[in-house]
Amino acid sequence: MHLLSDLLRPRRLAEAHCDGPCGIYDPASARIAAEAVLSMAQKIVALGDADDAATNNTRSRFTAIKEEQAELAKRELNILWTDYFNPERTADYPDLWQTFWNAAKLCSRNKTELSVEAGEQLLATIEEIHNVFWATKGRDDVPFYLAV
């Protein structure tokens, strides 16, 4: 015999950023994740070639964070592209799909290799997306700033 709590327990977990849709979108979450990617790449490079246990442990942690944040940036950009942008919002920006595609590829590149330059390129591409996003809201005055 099943307990009521067993019957009511979800069988699968589902996560979403508002397929409601909530209407709350902002490229800032992708920017923050990309900043973390760049920061971790810089920190890994600064560790140099040291091969002691402590440095290897730190390098492993920094690498894991870099890869997690690159994946988060990719997810946040995908949400912005698929849930916020529509044909009306992209009409004045015919190359925007290419910008998002480049950003997604840069997220992947930052996951699979160590490159400060790739981190900088990702932030620059997210800045382009930020500018278009706020322009579609009639808010060209929203500055792109870094947390660091």
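Kindly list the number of the only condition in (1) over 18 Å from VAL37 (Cα atoms); (2) within 11 Å of the chain's Cα centre (by Cα) that fails for GLY138.
In the conditions (1) over 18 Å from VAL37 (Cα atoms); (2) within 11 Å of the chain's Cα centre (by Cα), GLY138 misses (2) alone.
When you look at SER29, is it among the small types (Gly, Ala, Ser), modelled with pLDDT of 95 or more and assigned to a helix (DSSP H, G or I), yes or no?
Details: among the small types (Gly, Ala, Ser): yes; modelled with pLDDT of 95 or more: yes; assigned to a helix (DSSP H, G or I): yes.
Against the criterion (among the small types (Gly, Ala, Ser), modelled with pLDDT of 95 or more and assigned to a helix (DSSP H, G or I)), SER29 qualifies.
Among the residues of segment 78-97 satisfying the criterion of being of a type in the set (A, V, I, L, M) and closer than 14 Å to ASN131 by Cα, which is farthest from the chain's Cα centre (by Cα)?
Looking at residues that are of a type in the set (A, V, I, L, M) and closer than 14 Å to ASN131 by Cα, I get LEU96.
Checking VAL142 against (1) surrounded by 16 or more Cβ atoms within 10 Å (Cβ to Cβ); (2) not in a helix (DSSP H, G or I), only one condition comes out false. Which one?
Unmet for VAL142, out of (1) surrounded by 16 or more Cβ atoms within 10 Å (Cβ to Cβ); (2) not in a helix (DSSP H, G or I): (1).
State which residue is surrounded by the fewest Cβ atoms within 10 Å (Cβ to Cβ) when the search covers only segment 62-78 and only residues that are touching a residue at least 24 places away in the same chain (Cβ under 8 Å) and aliphatic (A, V, I, L, M).
Per the criteria, the residue is ILE65.
The values are calculated or read from the model by the stated rules, or taken from the named source; none is laboratory data. None of these values were measured; they are calculated from a predicted model. Note that each Cβ is placed from the backbone with ideal geometry, even for glycine, and that neighbours are counted across all protein chains shown.
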